[in-house]
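Undergrad: Submitted below is the structure of interest, expressed as structure tokens.
The values are calculated or read from the model by the stated rules, or taken from the named source; none is laboratory data. The structure displayed is predicted, hence computed values, not measured ones. All Cβ positions, glycine included, derive from the backbone under ideal geometry; neighbour counts span all protein chains shown.
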Amino acid sequence: MIQLVNVNKSFGNNQVLFNINLDIPEGEKLVIIGPSGSGKSTLIRCINGLEEATSGQVFLDGEELTRKNHTKLVRKHCAMVFQQFNLYPHLSVMGNITIALTLLQKKSKKEAEQVAAHYLELVGLTEKANAHPPQLSGGQQQRIAIARALATQQKIILFDEPTSSLDPEMVQEVLDVMIKLSSENITMVVVTHEMGFAKQVADRIVFMDEGCIIEEGHPTDFFENPKSVRTRLFLSKILR
Amino acid sequence: MDMGPFAAWRWQRLFNDSNIFILGLKNTLLISFLALLLALVIGFILGLASTSSNKALKGVTRAYVEFFQNTPLAVQVFFFYNALPALGIKFSVRAIGVLGVGLYHGAYVSEVVRAGINSIPVGQLEAAKSQGFQTLQALVVVIIPQAIKIMLPPLTNQAVNLIKNTSVLSTIAGGELMYLTNKWVSSGTLNYGPGFVVAGVIYFLLCFPLAYLARKYEENLKAKTTR
Amino acid sequence: MKRKLYLVLAAITLVAFVAGCGNNNSNNNSNTNQGGSGGEEGAMLEVLRAGVKSDVPNFGIYDPETDTYSGLEIDLAHMLAKELTGDETKVEFTAVTAQTRTPLLDNEDLDVIIATFTITEERKLVHNFSTAYYEDAVGLLVKKDAGIESLEDCDGKIIGVAMSATSEDAIQAAADELGVNVTFEAFSTYPEIKAALDSGRVDIFSVDKSILRGYMDDTTAILDDAFSPQQYGVATKLANKEVADKIEELITQWLNDGTLQELIDKHQI
């Protein structure tokens, strides 16, 4: 579903991704972990064109992502959930979810609202349909953001540290929604520091450090028997 | 007979010639309105262009803004009026009014638009792009509706300044309120007192409601965001 | 909101009126002062503050390099200063335009205006004017290549005049008689009219002939047409009778003894 071939990315003289090769089959739940500044976020931002790879190729469903077609490809395949939620504050919850459906997928307003209602129910926030984002808690906002991503009914959803800016008591409600999602046939790429979630949901874990993929594997192997010293060092810090 | 500059008989003369001031008001309104439209169109195009990542586009808009902000409107208007005809381009005085004032304030509007758009967190644009919106579409649907609240008060101030600045056209026989006032006070019995007071009051009546609305709106906005 | 607006308007009008009245009062005071405590024996003024033109060659023109004024009206101001203050160098010149000269006189910032100020019946209602020291007719300055020989050829043409134009009515009347359609655009200064003529904004530059002569060059010509004689007078504040009478006396004297004619000849106008 997603292929990254020899992807390098630099910001000016600062190279942040080194020769990344990654193949993510349809329906896989991939969790990317690693220390801050390891390039995890840049990596998934390369998948949906928010960052353009300096060299190398990114394929979505077999089609190469280029500057020309990335908007179209992303619209077709990909949704994203951000660390800062990035809900549109001037629109209601319903408006946030339906805007892409009506304007990009050309659904009728009624149709779009039906879809939205379905996913609002899924994230347990049906009663907030007419609220505006600033009136909601962080956890609620992130659940709305997930509903917004789901409502586009894409095969791929990218999660960029979805719980990192939440107060601790709100982390679980968001993770619960994501765990619920993992039973669906959606390709999920999740950058996170939540190791419990990774163990429970991931089909595969990728560990990154300093712009390189250091190690990858099934969660059981990865957590119980990490091969690389750097992985072990990282896990020992984070699983204290 | 009272010969003071504000003597009653001078007001009577102004009253008799009130059609001149009404004509001036009409022309000032017409020029202001069209110039404002032009300024908004130019301002939005340049303002959006200046937030793009394209360096050439940014450079061009920067040059435009710096040129028009750092030369006096009076010089620009004089140039349009007297220098362009030498190049075979001859606009009517009214067109120069709309063009001169519009281009000049377009530079200021574009700065307002740029600042407004830049005040919206970059995550908003990224969210829209991650949904598959083109940049322009994202600006129209997501960014500008949020930025407009921030832009409205300074835009209204621009409208006020624009109305006042149409008076510069009096130097090129612009036919607007200031020109007709100048002409009226320097003819006949030289009633500059009532003439300039009335012109001032008319400008005030045009500008004050706008400035007042802008201030009220800004206060409401502040009250809302600090609540 | 409405009430606030009215208050503000009332305030503006009030300030304007008070300013006007204040001037009237101070006017009387300064008059007695000037009359009583003149620097020299018999002098009416300590210094003559004269409003003059800065952009009219031969009448009143300012030279920024030497920071001096020159022209017929400047000489006249010096001569008046000699009589009124006892010293011909005791003159302060202020450049005036059509919009500034009357307020400057009313506010007592100036004692006299000697600035190609045409005498009209209406203006005599608001200022004292001396007998004319110069008389001239309104003329028409055109581009040589414009094919204009007289007012008859001016149908559909635009005539650039000065803001204070007394010439507009006269030309309009003559044009109406000829069945010729003309429009007028007014400018604050003469150089602005010349610029508009050069750029083709106006077809004709029309002010008093002697002034036009200062703006002639190789590409322009003055037509033979002449309209409504313009008489230039020395203007003083209406209340300032004492000075006005003295000036009237002097001008009449200089007209009769040929002094003024010498002055006119000197400046070749």
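Undergrad: Of the residues that make up segment C:89-98, is at least one among the acidic types (Asp, Glu) and over 17 Å from C:SER210 (Cβ atoms)? Steps first, please.
TA: Step one: list which residues in segment C:89-98 are among the acidic types (Asp, Glu), which gives C:92.
Okay, now just the ones that are also over 17 Å from C:SER210 (Cβ atoms), so C:92.
Within segment C:89-98, one or more residues are among the acidic types (Asp, Glu) and over 17 Å from C:SER210 (Cβ atoms).
Undergrad: Does B:PHE6 satisfy being outside any helix (DSSP H, G or I), among the aromatic types (Phe, Trp, Tyr) and within 14 Å of chain C (Cβ to nearest Cβ)? I'd like the intermediate steps shown before the answer.
TA: Working: outside any helix (DSSP H, G or I): yes; among the aromatic types (Phe, Trp, Tyr): yes; within 14 Å of chain C (Cβ to nearest Cβ): yes.
Yes.
Undergrad: Restricting attention to segment A:10-24, which residues are within 23 Å of A:HIS193 (Cα to Cα) and either part of a helix (DSSP H, G or I) or free of Cβ contacts under 8 Å to residues at least 60 places away in the same chain (or both)?
TA: A:ASP23 - this is the single residue of segment A:10-24 that is within 23 Å of A:HIS193 (Cα to Cα) and either part of a helix (DSSP H, G or I) or free of Cβ contacts under 8 Å to residues at least 60 places away in the same chain (or both).
Undergrad: Confirm whether B:LYS149 is at the interface with chain A (Cβ under 10 Å from one of its Cβ atoms) and either crowded, with 22+ Cβ neighbours inside 10 Å or modelled with pLDDT under 95 (or both). Break it down stepwise before answering.
TA: On the way: at the interface with chain A (Cβ under 10 Å from one of its Cβ atoms): yes; either crowded, with 22+ Cβ neighbours inside 10 Å or modelled with pLDDT under 95 (or both): yes.
Yes, satisfied.
Undergrad: Moving on. Please go through segment C:200-220 and pick out each residue that is surrounded by fewer than 17 Cβ atoms within 10 Å (Cβ to Cβ) and either under 16 Å from the mean Cα position of the chain (by Cα) or of a type in the set (Gly, Ala, Ser) (or both).
TA: To start, the set of residues in segment C:200-220 that are surrounded by fewer than 17 Cβ atoms within 10 Å (Cβ to Cβ) comprises C:200, C:213, C:216-219.
Once the filter is applied, which keeps residues that are surrounded by fewer than 17 Cβ atoms within 10 Å (Cβ to Cβ) and either under 16 Å from the mean Cα position of the chain (by Cα) or of a type in the set (Gly, Ala, Ser) (or both), segment C:200-220 yields only C:GLY200.
Undergrad: Taking the residues in segment A:144-177 that are under 13 Å from the mean Cα position of the chain (by Cα) and not hydrophobic (A, V, I, L, M, F, W, C) as candidates, determine which candidate is surrounded by the fewest Cβ atoms within 10 Å (Cβ to Cβ).
TA: Of everything passing the filter in segment A:144-177, A:SER164 is surrounded by the fewest Cβ atoms within 10 Å (Cβ to Cβ).
Undergrad: Considering only segment B:120-146, state which residues are facing another protein chain (nearest Cβ under 7 Å), farther than 21 Å from A:SER41 by Cα and outside any loop (DSSP other than H, G, I, E, B).
TA: Those that are facing another protein chain (nearest Cβ under 7 Å), farther than 21 Å from A:SER41 by Cα and outside any loop (DSSP other than H, G, I, E, B): B:VAL141, B:VAL142, B:PRO145, B:GLN146.
Undergrad: Looking at segment C:84-100, which of the residues that are under 15 Å from the mean Cα position of the chain (by Cα) and not polar (S, T, N, Q) is farthest from B:ASN191 (Cα to Cα)?
TA: If we filter segment C:84-100 for residues that are under 15 Å from the mean Cα position of the chain (by Cα), which is where we start, we get C:93-100.
With not polar (S, T, N, Q) added as a condition, the list becomes C:93, C:95-96, C:98.
Numbers: C:PHE93: 24, C:ALA95: 20, C:VAL96: 16, C:ALA98: 12 Å.
The qualifying residue farthest from B:ASN191 (Cα to Cα) is C:PHE93.
Undergrad: Please indicate, with yes or no, whether at least one residue in segment B:188-204 is within 14 Å of chain C (Cβ to nearest Cβ), under 22 Å from C:ILE193 (Cα atoms) and either more than 18 Å from the chain's Cα centre (by Cα) or part of a helix (DSSP H, G or I) (or both). Walk me through it before giving the result.
TA: Of segment B:188-204, the ones within 14 Å of chain C (Cβ to nearest Cβ) are B:188-204.
Those left that are additionally under 22 Å from C:ILE193 (Cα atoms): B:188, B:190.
Narrowing further to those that are either more than 18 Å from the chain's Cα centre (by Cα) or part of a helix (DSSP H, G or I) (or both): B:188, B:190.
Taking every residue of segment B:188-204 in turn, at least one turns out to be within 14 Å of chain C (Cβ to nearest Cβ), under 22 Å from C:ILE193 (Cα atoms) and either more than 18 Å from the chain's Cα centre (by Cα) or part of a helix (DSSP H, G or I) (or both).
Undergrad: It is to be established whether one or more residues within segment B:40-63 are within 14 Å of another protein chain (Cβ to nearest Cβ), over 23 Å from B:PRO153 (Cβ atoms) and assigned to a helix (DSSP H, G or I).
TA: No, there is no match, as no residue in segment B:40-63 is within 14 Å of another protein chain (Cβ to nearest Cβ), over 23 Å from B:PRO153 (Cβ atoms) and assigned to a helix (DSSP H, G or I).
Undergrad: A further question on this structure: Do you know which residues across segment C:98-115 are more than 8 Å from every other protein chain (Cβ to nearest Cβ) and of a type in the set (Ser, Thr, Tyr)?
TA: Taking segment C:98-115 as the starting set, the residues that turn out to be more than 8 Å from every other protein chain (Cβ to nearest Cβ) are C:100-101, C:104-105, C:107-115.
Listed by number, the list holds a single entry, C:THR100.
Undergrad: If you don't mind, there's one more thing I want to ask. Go through (1) within 14 Å of another protein chain (Cβ to nearest Cβ); (2) assigned to a helix (DSSP H, G or I); (3) free of Cβ contacts under 8 Å to residues at least 60 places away in the same chain; (4) of a type outside the set (Ser, Thr, Tyr) and name the single condition B:LYS26 misses.
TA: All conditions are met except number (1).
Undergrad: Restricting to segment C:116-127, and then to whatever is in a loop (DSSP other than H, G, I, E, B) and surrounded by 24 or more Cβ atoms within 10 Å (Cβ to Cβ), can you tell me which residue is farthest from the other protein chains (Cβ to nearest Cβ)?
TA: My answer is C:THR116.
Undergrad: Applying the selection to segment C:190-208, what residues are in contact with a Ser or Thr (Cβ under 6 Å, 6 or more places away or on another chain) and either assigned to a strand (DSSP E or B) or under 20 Å from C:GLU73 (Cβ atoms) (or both)?
TA: To start, the set of residues in segment C:190-208 that are in contact with a Ser or Thr (Cβ under 6 Å, 6 or more places away or on another chain) comprises C:206.
Listed by number, the list is empty, since nothing qualifies.
Undergrad: Only one residue in A:GLN84, A:GLN105 is within 10 Å of chain B (Cβ to nearest Cβ), among the polar types (S, T, N, Q) and within 13 Å of the chain's Cα centre (by Cα), so which one is that? Lay out the reasoning, then the answer.
TA: On the way: A:GLN105 fails: within 13 Å of the chain's Cα centre (by Cα).
So the residue among A:GLN84, A:GLN105 that is within 10 Å of chain B (Cβ to nearest Cβ), among the polar types (S, T, N, Q) and within 13 Å of the chain's Cα centre (by Cα) is A:GLN84.
Undergrad: Across segment A:51-98, what is the number of residues that are outside any loop (DSSP other than H, G, I, E, B) and either of a type in the set (A, V, I, L, M, F, W, C) or more than 21 Å from B:LEU139 (Cβ to Cβ) (or both)?
TA: 19
Undergrad: Moving to a separate point now. Give segment C:154-179 a look and list any residue that's farther than 15 Å from C:LEU140 by Cα and crowded, with 18+ Cβ neighbours inside 10 Å, or say none.
TA: Those that are farther than 15 Å from C:LEU140 by Cα and crowded, with 18+ Cβ neighbours inside 10 Å: C:MET163, C:SER164.
Undergrad: Related question: Identify, please: which residue in segment C:61-83 is acidic (Asp, Glu) and assigned to a loop (DSSP other than H, G, I, E, B) and is, among those, farthest from the chain's Cα centre (by Cα)? If you could, list the steps in order and put the result at the bottom.
TA: From segment C:61-83, those acidic (Asp, Glu) are C:63, C:65, C:67, C:73, C:75, C:83; that's our starting set.
With the extra rule that they be assigned to a loop (DSSP other than H, G, I, E, B), the set shrinks to C:65, C:67.
Values: C:GLU65: 24, C:ASP67: 21 Å.
Looking at residues that are acidic (Asp, Glu) and assigned to a loop (DSSP other than H, G, I, E, B), I get C:GLU65.
Undergrad: Just to verify a result, which residue in segment A:203-216, among those that are touching a helix residue (DSSP H, G or I) at 6+ places or on another chain (Cβ under 9 Å), in a strand (DSSP E or B) and not aliphatic (A, V, I, L, M), is surrounded by the most Cβ atoms within 10 Å (Cβ to Cβ)?
TA: A:PHE207
Undergrad: Do you know which residues across segment B:172-227 are more than 22 Å from B:ARG13 (Cα to Cα), buried (at least 17 other Cβ atoms within 10 Å of the Cβ) and among the small types (Gly, Ala, Ser)?
TA: If the condition is that a residue be more than 22 Å from B:ARG13 (Cα to Cα), buried (at least 17 other Cβ atoms within 10 Å of the Cβ) and among the small types (Gly, Ala, Ser), then B:ALA173, B:GLY174, B:ALA214 are the ones that fit.
Undergrad: Residues that are under 27 Å from B:SER53 (Cβ atoms), without any contact (Cβ under 8 Å) to a residue 40 or more places away in the chain and within 14 Å of another protein chain (Cβ to nearest Cβ): does segment B:98-119 have at least one? Step through it out loud before you land on a result.
TA: Restricting attention to segment B:98-119, the residues satisfying the condition of being under 27 Å from B:SER53 (Cβ atoms) are B:103, B:105-119.
Right, trim to without any contact (Cβ under 8 Å) to a residue 40 or more places away in the chain and you get B:115, B:119.
Among the residues that remain, those that are also within 14 Å of another protein chain (Cβ to nearest Cβ) are: B:119.
Within segment B:98-119 (the criterion being under 27 Å from B:SER53 (Cβ atoms), without any contact (Cβ under 8 Å) to a residue 40 or more places away in the chain and within 14 Å of another protein chain (Cβ to nearest Cβ)), the answer is yes, since at least one residue qualifies.
Undergrad: With respect to A:GLY139, determine if the residue is of a type outside the set (Asp, Glu), within 11 Å of chain B (Cβ to nearest Cβ) and either free of Cβ contacts under 8 Å to residues at least 12 places away in the same chain or in a helix (DSSP H, G or I) (or both).
TA: Details: of a type outside the set (Asp, Glu): yes; within 11 Å of chain B (Cβ to nearest Cβ): no; either free of Cβ contacts under 8 Å to residues at least 12 places away in the same chain or in a helix (DSSP H, G or I) (or both): yes.
Spelling it out, it is not the case that A:GLY139 is of a type outside the set (Asp, Glu), within 11 Å of chain B (Cβ to nearest Cβ) and either free of Cβ contacts under 8 Å to residues at least 12 places away in the same chain or in a helix (DSSP H, G or I) (or both).
Undergrad: So, one more: Cβ contacts < 7 Å: first residue within 14 Å of chain B (Cβ to nearest Cβ), restricted to segment C:155-178; second residue charged (D, E, K, R) and buried (at least 23 other Cβ atoms within 10 Å of the Cβ), any location; separation 6+ or different chain. Result?
TA: From residues that are within 14 Å of chain B (Cβ to nearest Cβ), the pairs are C:MET163/B:LYS183.
Undergrad: With A:VAL81, A:VAL123 as the choices, which residue is touching a helix residue (DSSP H, G or I) at 6+ places or on another chain (Cβ under 8 Å), surrounded by 15 or more Cβ atoms within 10 Å (Cβ to Cβ) and either within 22 Å of A:VAL16 (Cα to Cα) or modelled with pLDDT of 95 or more (or both)?
TA: Details: A:VAL123 fails: either within 22 Å of A:VAL16 (Cα to Cα) or modelled with pLDDT of 95 or more (or both).
One residue alone meets the criteria, A:VAL81.
Undergrad: Another one. So, C:GLU185, is that one within 11 Å of chain B (Cβ to nearest Cβ), among the acidic types (Asp, Glu) and buried (at least 21 other Cβ atoms within 10 Å of the Cβ) or not?
TA: Working: within 11 Å of chain B (Cβ to nearest Cβ): yes; among the acidic types (Asp, Glu): yes; buried (at least 21 other Cβ atoms within 10 Å of the Cβ): no.
No, not satisfied.
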